[in-house]
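No value in this document is a laboratory result; all are computed from the given coordinates. Just so you know, these numbers come straight off a predicted model, no measurement behind them. Cβ sites come from the backbone with ideal geometry, for glycine too, and all protein chains shown count toward neighbours.
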Amino acid sequence: MDNAKLILNGQEYEFPVIVGSENEVGIDFRKLRATTGAISFDPGYGNTGATESAITFINGEEGILRYRGYPIEQVAENASFVEVCYLLIYGKLPSKDELTKFENDLTHHTLLHEDMKKFFEGYPANAHPMAIMAAMVISLATYYPNLNENESSAEMINLNIIRLLAKVKTLAAFAYKKSIGQPYIYPRNDLNYVEDFLHMMFAVPAEEYVVNPVVARALNLLLILHADHEQNCSTSTVRMVGSSGASLFASIGAGVTALWGPLHGGANQAVIQMLERIRDDGSDYKKYVNMAKDRESGFRLMGFGHRVYKNFDPRARILKEAADEVLNELGIDDPLLSIAKNLEEVALSDEYFIARKLYPNVDFYSGIIYRAMGIPTNMFTVMFTMGRLPGWIAQWKEMHDDPTSRINRPRQIYTGERNRDFVPLDKR
Ligand code: CMC
């Protein structure tokens with residue numbers, strides 16, 4: 001492809017063009033400032049490619065999402081979440097033996113250091129489990145530090161990757177048990193990844209708890225659909241922090257906090273709160289559609305819109321169907337599901353939403369399924385964390401293994417005061 005030409009102050013500059021394997025085109029501005037003195041200005045990074053990556057492909061116009069080339073629909077239909085972790089992190093589908101070893105590794109690193117239980121006890125009873133999750137992920141660095149050359153070897157990093165994947169569900173379940181005052185339930189090696197989490201979450205020592213296979217299947221699907229989404233806010237945060245050389249645990253802990261916000265992973269909690277508000281207000285969903293269209297109201301339809309998807313979010317399509325199935329199979333009649341469907345129908349036929357290409361995103365139906373599974377609303381974003389973890393790890397590892405990667409350091413256009421003399425306190 002021809003070089004891109006830029007004319008600045010009457011002078012012409014040329015910049016190379018790079019083309020990805022799906023023919024996405026980028027203008028390589030790495031030499032922009034050195035040759036022109038100017039920087040590219042792109043608040044929100046909507047036009048900025050921060051990296052090359054071979055992990056996840058999204059085509060927002062056509063509603064395509066692929067993990068390592070495999071369409072999300074096929075992955076969701078056929079894979080286990082653990083297989084998806086392997087695929088994203090190591091770049092290929094595991095053979096039978098590789099999968100058995102990987103599952104075995106994940107099963108044998110689930111215990112937390114006993115001292116860590118004391119951390120949970122220090123939090124207030126109503127602490128948000130996402131705050132606990134972020135703190136605990138970073139706290140893992142105190143038990144498994146990367147202090148020297150030897151410890152940051154590929155082998156050590158891989159061990160820490162296994163530890164993190166294995167322990168995150170124990171951390172999530174303990175955070176929940178803390179929030180409801182129940183005893184912690186230890187991991188069980190005879191259960192698979194999702195069953196083990198559900199057991200730690202819902203079992204009590206007083207009686208046997210049998211994991212419902214419908215719930216386990218639904219969780220497997222939800223985790224897969226959240227597993228990676230290329231350079232979104234939390235993943236970019238993981239790369240940003242990791243670019244300074246910070247450890248895996250420190251970088252992922254930062255990703256957890258970025259995910260927490262209502263415009264990102266916190267949206268699934270916000271969707272349920274919105275649907276409950278509409279239900280409590282007489283289920284007049286049209287009133288809320290109108291409010292969302294009125295900028296002055298400050299109200300947005302949570303679970304609608306996406307920075308990248310401008311046609312449909314393929315994950316939302318899969319989840320809409322799954323929501324019907326799961327609620328049917330569990331025999332749950334949730335009025336929030338019909339409010340959600342009504343909202344979707346109205347919004348999709350309304351000029352405001354059509355013109356802005358606003359469609360339901362992954363978070364619109366995930367919360368309804370989590371509710372049906374018995375997961376409380378304040379745990380939704382923690383569930384998203386468990387799902388997104390392999391994506392963060394894969395992206396961190398890709399950057400870490402790339403000898404050309406540099407510390408991330410954006411520039412700015414300064415708009416403050418120009419040079420002026422300091423005024424002593426008695427003259428102000
Ligand atoms: N309800 C009503 N209007 C909206 C919505 C919405 N949910 N989303 C965007 N708009 C309007 C917005 O007001 C603007 O209108 P105008 O052109 O008249 O000013 C236009 O659509 C473009 O919006 P934007 O804020 O410039 O779009 P963005 O790409 O910066 O934001 C978004 C994307 C996902 C943050 C935003 O759509 C939003 O706030 N959605 C609700 C929160 C949500 O569901 N987040 C989950 C995202 S998917 C999962 C994840 O990534 O974690």
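Report the local net charge at Pro94: Lys and Arg +1, Asp and Glu -1, summed over other residues whose C-beta lies under 13 Å from its C-beta.
Values: positive: Arg68, Lys92, Lys96, Lys101; negative: Glu83, Asp97, Glu98, Glu103, Asp105.
Charge balance in the 13 Å sphere: -1.
What spacing in nm lies between the two simple spin-label points modelled at Ala38 and Lys92, each 7 Å away from Cα in the Cβ direction?
4.6
Could you work out [θ]222 nm for the chain from helices alone, using -39500 (n - 2.57) per DSSP H run of at least four and dividing by all its residues? Round to the nearest 500 deg cm²/dmol.
Values: 18 runs with 219 residues, N = 428.
Helices in the chain give a 222 nm mean residue ellipticity of -16000 deg cm²/dmol.
Helices from the chain with mean Kyte-Doolittle at least -1.0 and a Cα length along the axis of 20 Å or more, per DSSP H: which?
Values: long enough: 129-143 (21 Å, 1.70); 154-180 (39 Å, 0.66); 314-330 (24 Å, -0.38); 335-349 (22 Å, 0.66); 380-400 (29 Å, 0.07).
Helices passing the filter in the chain: 129-143, 154-180, 314-330, 335-349, 380-400.
Would you list Ser247, Ser53, Ser80 from fewest to most Cβ contacts within 10 Å? Please report the intermediate quantities before stating the final value.
Values: Ser247 22, Ser53 19, Ser80 16.
So the residues, fewest neighbours to most, are Ser80, Ser53, Ser247.
Only sites in a loop by DSSP and with at most 10 other Cβ atoms within 10 Å count here; which GluC sites (Glu not before Pro) in the stretch 325-405 make the cut? Walk me through the numbers on the way to the answer.
Working: sites: Glu325, Glu329, Glu344, Glu345, Glu351, Glu398; in loops: none.
Taking the stretch 325-405 and a limit of 10 other Cβ atoms within 10 Å, no loop GluC sites (Glu not before Pro) are found.
Round to the nearest 0.05 the FRET efficiency obtained for Val423 and Glu12 when R0 = 45 Å and r is the Cβ-Cβ distance. Walk me through the numbers before you get to the answer.
Details: r = 46 Å, r/R0 = 1.02.
The value I calculate is 0.45.
Applying 1/(1 + (r/R0)^6) with R0 = 41 Å to the Cβ-Cβ distance of Tyr209 and Ser349, what FRET efficiency is obtained, to the nearest 0.05? Don't skip to the answer; put the middle values down first.
Numbers: r = 44 Å, r/R0 = 1.08.
The pair Tyr209/Ser349 has a calculated efficiency of 0.40.
Lysines near Lys293 by alpha-carbon distance under 23 Å, same-chain residues fewer than 8 away left out - which ones?
Here the lysines satisfying the reach criterion relative to Lys293 are Lys310, Lys341, Lys357.
For Lys178, which aspartates and glutamates qualify as cross-link partners when the Cα separation must be under 16 Å and same-chain residues fewer than eight apart are set aside?
Candidates past the 8-residue exclusion: Glu114, Asp115, Glu121.
With a point put 7 Å past each Cα toward its Cβ, work out how far Leu330 is from Val308 in nm, to one decimal.
That separation, rounded to one decimal, is 2.8 nm.
Going by how many other beta carbons lie within 10 Å of each one, how would you line up His108, His128, fewest first? Provide the component values of the computation, followed by the final result.
Numbers: His108 12, His128 18.
In order of increasing Cβ crowding within 10 Å: His108, His128.
Where a ≥ b ≥ c are the square roots of the eigenvalues of the C-alpha gyration tensor, would you call the stretch 86-193 rounded, which needs a/c under 1.5, or, failing that, prolate if a/b is larger than b/c, or oblate? Don't jump to the answer; show the numbers that get you there.
On the way: a/c = 2.37, a/b = 1.49, b/c = 1.59.
Here the stretch 86-193 falls in the oblate category.
Quick check on the exposure proxy: order Ile407, Ile39 from fewest to most C-beta atoms within 10 angstrom.
Working: Ile407 9, Ile39 13.
Ordered from fewest to most neighbouring Cβ atoms within 10 Å, Ile407, Ile39 come out as Ile407, Ile39.
What lysines does Lys101 reach when the alpha-carbon gap must be under 26 Å and sequence neighbours fewer than 8 apart in one chain are set aside?
Candidates past the 8-residue exclusion: Lys92, Lys167, Lys169, Lys397.
So if we plug the beta-carbon distance of Arg217 and Ala4 into 1/(1 + (r/R0)^6) with R0 = 41 Å, what FRET efficiency do we get, rounded to 0.05?
Values: r = 48 Å, r/R0 = 1.18.
For R0 = 41 Å, the calculated efficiency reads 0.25.
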